1. I'd like the FRET efficiency for Arg155 and Thr36, computed as 1/(1 + (r/R0)^6) with the beta carbon distance as r and R0 of 45 Å, rounded to 0.05.
2. Tell me which label goes with the value of Rg/Rh (Cα atoms, Kirkwood Rh) computed from the coordinates here: [x] 1.28; [y] 1.11; [z] 1.08.
3. Taking amide H positions as placed 1.01 Å from N in the peptide plane, with prolines and chain starts having none, which residues 5 or more places from Val140, or on another chain, fall under 5 Å of its amide H?
4. Given contacts defined as C-alpha pairs under 8 Å and at least six residues apart, what's the relative contact order of region 4-54, whole-number percent?
5. Could you tell me how far the Cα centroid of region 111-183 sits from the Cα centroid of region 92-110, in Å?
6. What net charge is computed for the residues neighbouring Tyr53, neighbours being all others with C-beta under 9 Å from the C-beta of Tyr53, Lys and Arg scored +1, Asp and Glu -1?
7. What does the charge count near Tyr106 come to, summing +1 for each Lys or Arg and -1 for each Asp or Glu among other residues with Cβ under 10 Å from its Cβ?
8. Put +1 on the Cβ of every Lys and Arg and -1 on every Asp and Glu Cβ in the chain; which of Ile26, Ala71, Val121 then has its Cα farthest towards the positive end of the dipole?
Amino acid sequence: MTEPSASRAPHLRVSPEEREEAAERIRLAAGDGRLTVEELESRLELALSALTYGELDALVDDLPSRPAPAAPESMRLAISYGHLERVGTWRIPRWLNVELSVASAYLDFRSAPIPTGGVNVRFQAQRSKIVLAVPADAAVAVQELGRHRSKIVQRGRAVATTGPAIRLTGDLWGSKLTVKRPG
């Protein structure tokens, strides 16, 4: 479960996934010896029946949060005849292999933490449409991306490219890649 915040009103209702996240946090705390068996059982019962953020937060506020797991070193995303989407705070690996065949992909790098040293994205795309949403200051290198009857479009205003490095390699066949910046 995410940490309590001012934007999350205590009276708002929670989802089943959020109840389960809170329950897992309680289980981990018990496994660390922070809760007795009685506290574990009581908090689990209350967490799984909680209706609002206020009820869940009261059960986990005194427990340490676990750091998010580190992003994997590499990841393969592949799809044919469909749509691939990564948005929000997804974990971006250092090496990302994207394989598309008659598909579309939307990869949003604006909110997700990009690894130190940047990210290398290798495309193998046939007859596909790709949109990369990047921070305004991202340094996007497309020089090593093979284009075979394909098009690369840059949208938005690039400011000084002192931000994260995004290096694109691989090949596009009959595809369109749009690098979308704010503004």
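1. The computed FRET efficiency comes out at 0.20.
2. Correct label is [y].
3. Amide H neighbours of Val140: Ile166.
4. 59 percent
5. What the calculation gives is 10 Å, centre to centre.
6. Surrounding charge for Tyr53 is -1.
7. Working: positive: Arg86, Lys129, Lys180; negative: Glu85, Asp108.
Every neighbour counted, the sum reads +1.
8. Going by the Cα projections, it comes out as Val121.
Every number in this text was worked out from the coordinates using simple rules, so none of it is lab data. All values reported here derive from a predicted model rather than from experimental measurement. Because the Cβ atoms are built from the backbone with ideal geometry, glycine has one as well, and the counts that use them run over all protein chains shown.
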